[in-house]
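Novice: Provided herewith is a single structure, encoded as structure tokens, for subsequent inquiry.
Quick note: the coordinates plus some simple rules give every number you see, no bench work behind them. Treat the numbers as computed from the prediction; the structure is a model and nothing was measured. Here the Cβ positions follow ideal geometry from the backbone for every residue, glycine too, while neighbour counts run over all protein chains shown.
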Amino acid sequence: MLSVVTIGVYGFTAATFVESLTDAGVGLLLDLRQRRGVRGPEYSWANSTRLQRLLADAAIEYRHVKELAPTTELRQLQYREDDRQHVGKRNRTELAPNFAARYTHEILDPFDLDALLTQLPPTSTTALFCVERDAEACHRSLVAARLHTNHGLPIRDLHPA
């Protein structure tokens, strides 16, 4: 049976990130970021090239699914709401309702999740990956909810200790 987890960057080190994935039985990580980098030296391990090396060393396949990444315009919409709420991306706890609605309509609805499901490994867990610590603060939660609702997949969010 297919199994899905979500995971972010914030709060993890490279070692605890990989440990969380291996403990969850992850065999494939789907990177849902548009820009595959993270600012600052603390999270440089999550920049695409370094992340792919870390995952390869742990025998975890990496795949970039840019089609599920929010556009720059949508990210800016969320950032404006973050500013209005006086929260930074690293402290956000939920998505702006207008971001969630537009992401769902513009990105998720036209995306063929059925085709993606046929490419997921049936014998290991797949991770939906972006940067935010909490899935509820990230578009990956919308993808995960759609997989759960439309396909009955169990979803578990991985958090740093």
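Novice: Pick the calculated semi-axes √(5λ) of the Cα gyration tensor in Å for this structure from (i) 49, 11, 11; (ii) 23, 20, 13; (iii) 21, 20, 17?
Specialist: The listed entry that was calculated here is (ii).
Novice: Give the residue from Thr118, Ile107, Gln78 lying farthest towards the positive end of the charge dipole for region 42-135; charges sit on Cβ (+1 for Lys and Arg, -1 for Asp and Glu) and the dipole is referred to the Cα centre.
Specialist: Of Thr118, Ile107, Gln78, it is Gln78.
Novice: For the chain, what is the calculated [θ] at 222 nm in deg cm²/dmol (nearest 500), taking -39500 (n - 2.57) for each run of four or more DSSP H residues and dividing by its residue count?
Specialist: -10500 deg cm²/dmol
Novice: Roughly speaking, what is the stretch gain from Glu19 to His105, that is 0.36 nm per residue apart minus the C-alpha to C-alpha distance, in nm to one decimal?
Specialist: Value of the extension gain: 27.5 nm.
Novice: Let me know the charge dipole size of the chain about its Cα centre in debye, to the nearest 20, where only the beta-carbon of Lys, Arg (+1) and Asp, Glu (-1) is charged.
Specialist: I would put it at about 440 debye.
Novice: Considering Cα pairs under 8 angstrom that are at least six residues apart, work out the relative contact order of region 1-152 and quote it in whole percent. Write out the running numbers ahead of the final one.
Specialist: Numbers: 211 pairs, mean separation 64.6, N = 152.
With pairs under 8 Å counted, the relative contact order is 42 percent.
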